[in-house]
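To keep things clear, I will list the structure first and then write my remarks on it.
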Protein chains: 2
Amino acid sequence: MLHAGLLDDLGCRIAWGRLPPGTVLTTAALEAEYGLSRTVVREAVRVLEAMRLVEARRHVGITVRPRPEWNALDVRLIGWNLAGPGRQEELGSLMELRQAIEPVAARLAATRASAGDRAELVALASRLRDLGRQGLGESQEYLTADIDFHRLVAQSSGNYMFAGVLGEVIGEVLAGRTRLGLSPALPAVEALDLHQIAALAISGGDADAAERAIRAIVEEARRAALDAGAATEPAPAATV
Amino acid sequence: MLHAGLLDDLGCRIAWGRLPPGTVLTTAALEAEYGLSRTVVREAVRVLEAMRLVEARRHVGITVRPRPEWNALDVRLIGWNLAGPGRQEELGSLMELRQAIEPVAARLAATRASAGDRAELVALASRLRDLGRQGLGESQEYLTADIDFHRLVAQSSGNYMFAGVLGEVIGEVLAGRTRLGLSPALPAVEALDLHQIAALAISGGDADAAERAIRAIVEEARRAALDAGAATEPAPAATV
DNA sequence: ACTTATGCAATAGTCATACTTATGGCCCAG
DNA sequence: CTGGGCCATAAGTATGACTATTGCATAAGT
């Protein structure tokens, strides 16, 4: 589909600073550059406009807006940022977002989660512990269970904003940890314990304990990322 | 501009449940219903698709997606929700989001804010105190200063995601408080003190104190909203 | 010299028509 | 009942024509 391709290409060029804020494009120039019809160009521009990456004005053209105006929490934009030279910075921002949201999500989950979700969280924490003890902290299975755990906490919070943003980005953040080797084959006992504590606290309705445990989990992850701070993950190849 | 009108109309109809998940539209039917060209319809649908409100498929049409799949933190969607029957629920979710984000933003602001921003925060807190003491807690001036204060905390955090989402929604949330009469003409001394404490903590680089103060501010706001829980604000007239 | 008004070209916005593409559902055969 | 093929469905794309708005350049006025 041509629309998706053009949208991604333009989105990346903007997100990566290749079309810096203030750049003025025209639909005619884009048609010529990409060899596509006006329909495809306009439709892609409409989406970029909706994301506040550009502003289209008659007689002027399509101007790239300043970065602070962009819809920072747009999932597509997050993806573009993660796929480009600003990946580390984006992961850092996402880590801070997790730091903010996950403890509150856990607190809410402790009061709102369904019985089924409570049981599922306990089961996931058990799974993480088992895999961790087997030295499989770097495995896909561990990663999947870790992602599922955090997603379920967000969903159980009953706040669909938490569920939405965390559901979308937690996979990327945790996978990034694994790729950076920040998820050791033998996870620290304390980390596994914290997942257990969090799951049991949510399951038992203890909001304070749930919040403290998740806060500690996220803090540990943040510290590990800081310790590895200079270990820069190379940006993915710049082709989307 | 026809595009914006159609987008808002369709967006609201979906957000308000008038086009419930599972509803299948076609571009032909929308053209006929709205008396607009295919171009306008397609461009609007593109944006809705990007927001994950709908999915367009050949041979099927344009299907409204289940609500959990929507981009919950899309600013436009938040606006549609706030303009419709789900306003209270949306304000509740936003309050929780504030609860999560603002304390962490304050913590980060304490370490990252520029000297100018630190001074500005202190000045805004002073302004709030002065207006509050004059019994102007319900005034537009107080509201403006309150919004500016919280926005600046978010911006000073140096996390553009915090700045983005709070910058967009804080005005709406705080204005809703004023409209509901939850912002008393004579604000409690403690509330004014907390803004001072937060501003001074950020200005002085005390992250713990900044976080505690902002947390207390947001918690006080949340409690006030709970106390007024049954005082339902009528949804705005359903015309955007 | 500065300010205001006017006109025109620039570029997006909209409409209509034609053609292409993929795909879901239905029908038929084994 | 299952699998394969075909066709109609509806989106996806292209193009030409026309409309609408507006920014900029120029001219006129003070």
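The values are calculated or read from the model by the stated rules, or taken from the named source; none is laboratory data. Note that the structure is a prediction, hence the values are computed from the model and not measured. Every residue, glycine as well, gets a Cβ built from its backbone with ideal geometry; the counts of neighbours run over all protein chains shown. We work out accessible area using only protein heavy atoms, side chains counted, and drop any ligands, DNA or RNA first. Shrake-Rupley method; radii C 1.70, N 1.55, O 1.52, S 1.80 Å.
Contact map, segment B:97-124: first residue within 20 Å of residue B:193 (Cα to Cα), second residue among the hydroxyl-bearing types (Ser, Thr, Tyr) and modelled with pLDDT of 95 or more, Cβ cut-off under 6 Å, separation 6 or more or different chains; pairs are B:105/B:157; B:109/B:156; B:109/B:157; B:117/B:156; B:118/B:203; B:122/B:203.
Just to be sure before I move on: is residue A:68 open to solvent by 40 Å² or more (accessible area, probe 1.4 Å), more than 19 Å from residue B:42 (Cβ to Cβ) and more than 9 Å from chain B (Cβ to nearest Cβ) in the structure I sent? Spelling it out, it is not the case that residue A:68 is open to solvent by 40 Å² or more (accessible area, probe 1.4 Å), more than 19 Å from residue B:42 (Cβ to Cβ) and more than 9 Å from chain B (Cβ to nearest Cβ).
The number of residues in segment A:39-48 that are surrounded by fewer than 22 Cβ atoms within 10 Å (Cβ to Cβ) and more than 8 Å from chain B (Cβ to nearest Cβ) comes to 1.
Screening the candidates A:145, A:110, A:163 for the property of being within 21 Å of residue A:91 (Cα to Cα) and within 14 Å of another protein chain (Cβ to nearest Cβ) yields one hit, A:163. Taken over segment B:42-72, the criterion of being out of contact with any strand residue (DSSP E or B) (no Cβ under 6 Å at 6 or more places or on another chain) and within 10 Å of DNA strand C (Cβ to nearest atom) is satisfied by B:42, B:43, B:44, B:57, B:58, B:59, B:60.
Being over 26 Å from residue A:93 (Cβ atoms), at pLDDT 90 or above and among the acidic types (Asp, Glu) is true of residue B:130.
Kindly evaluate residue B:58 against the criterion of being within 14 Å of another protein chain (Cβ to nearest Cβ), open to solvent by 60 Å² or more (accessible area, probe 1.4 Å) and under 25 Å from residue A:78 (Cβ atoms). It is false that residue B:58 is within 14 Å of another protein chain (Cβ to nearest Cβ), open to solvent by 60 Å² or more (accessible area, probe 1.4 Å) and under 25 Å from residue A:78 (Cβ atoms). Looking only at residues in segment A:15-41 that are in contact with a Gly (Cβ under 7 Å, 6 or more places away or on another chain) and assigned to a loop (DSSP other than H, G, I, E, B), which one is farthest from DNA strand C (Cβ to nearest atom)? Out of the qualifying residues, it is A:16.
For residue B:80, the conditions (1) within 10 Å of DNA strand C (Cβ to nearest atom); (2) not basic (Lys, Arg); (3) not assigned by TED's automatic domain parsing to the domain that holds residue B:17 all hold with the exception of (1).
Let's see how each residue does on (1) open to solvent by 20 Å² or more (accessible area, probe 1.4 Å); (2) over 30 Å from residue A:11 (Cα atoms); (3) outside the structural domain of residue A:193 (by TED's automatic domain parsing):
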{"site": "A:104", "(1), (2), (3)": "no, yes, no"}
{"site": "A:107", "(1), (2), (3)": "yes, yes, no"}
{"site": "A:110", "(1), (2), (3)": "no, yes, no"}
{"site": "A:136", "(1), (2), (3)": "yes, yes, no"}
{"site": "A:150", "(1), (2), (3)": "no, no, no"}
{"site": "A:153", "(1), (2), (3)": "no, yes, no"}
{"site": "A:160", "(1), (2), (3)": "yes, no, no"}
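Restricting A:191, A:175, A:199 to those that are closer than 19 Å to residue A:143 by Cα, in contact (Cβ under 8 Å) with a residue 60 or more places away in the chain, more than 12 Å from every other protein chain (Cβ to nearest Cβ) and part of a helix (DSSP H, G or I) reduces the list to A:199. Please tell me if residue A:63 is assigned to a helix (DSSP H, G or I) and either among the hydroxyl-bearing types (Ser, Thr, Tyr) or over 14 Å from the mean Cα position of the chain (by Cα) (or both). It is false that residue A:63 is assigned to a helix (DSSP H, G or I) and either among the hydroxyl-bearing types (Ser, Thr, Tyr) or over 14 Å from the mean Cα position of the chain (by Cα) (or both).
I want to confirm something. Restricting to segment A:82-97 and keeping residues that are more than 10 Å from chain B (Cβ to nearest Cβ) and in a helix (DSSP H, G or I), which single residue is most open to solvent (accessible area, probe 1.4 Å)? Out of the qualifying residues, it is A:88.
Of the residues examined, residue A:128 is one that is touching an Asp or Glu at 6+ places or on another chain (Cβ under 7 Å) and in the same structural domain as residue A:193 (by TED's automatic domain parsing). Quick one: in segment A:3-12, of everything that is surrounded by fewer than 17 Cβ atoms within 10 Å (Cβ to Cβ) and away from chain B (no Cβ under 12 Å), which residue is nearest to DNA strand C (Cβ to nearest atom)? This residue is A:5. Here residue B:33 meets each of (1) more than 9 Å from DNA strand D (Cβ to nearest atom); (2) within 30 Å of the chain's Cα centre (by Cα) with one exception, condition (2). For residue B:21, the stated conditions hold: it is within 14 Å of another protein chain (Cβ to nearest Cβ), in contact with a strand residue (DSSP E or B) (Cβ under 9 Å, 6 or more places away or on another chain) and more than 14 Å from DNA strand D (Cβ to nearest atom). Exactly one residue among B:94, B:82, B:10, B:73 is among the hydrophobic types (A, V, I, L, M, F, W, C) and modelled with pLDDT of 95 or more, and that residue is B:10. The criterion of being crowded, with 22+ Cβ neighbours inside 10 Å, among the basic types (Lys, Arg), part of a helix (DSSP H, G or I) and in the same structural domain as residue B:201 (by TED's automatic domain parsing) does not hold for residue B:118. When each of B:104, B:122 is tested for being touching a Leu at 6+ places or on another chain (Cβ under 8 Å) and modelled with pLDDT of 95 or more, the lone residue that passes is B:122. Filtering segment A:103-115 to residues that are in a helix (DSSP H, G or I) and of a type outside the set (Ser, Thr, Tyr) leaves A:103, A:104, A:105, A:106, A:107, A:108, A:109, A:110, A:112, A:115.
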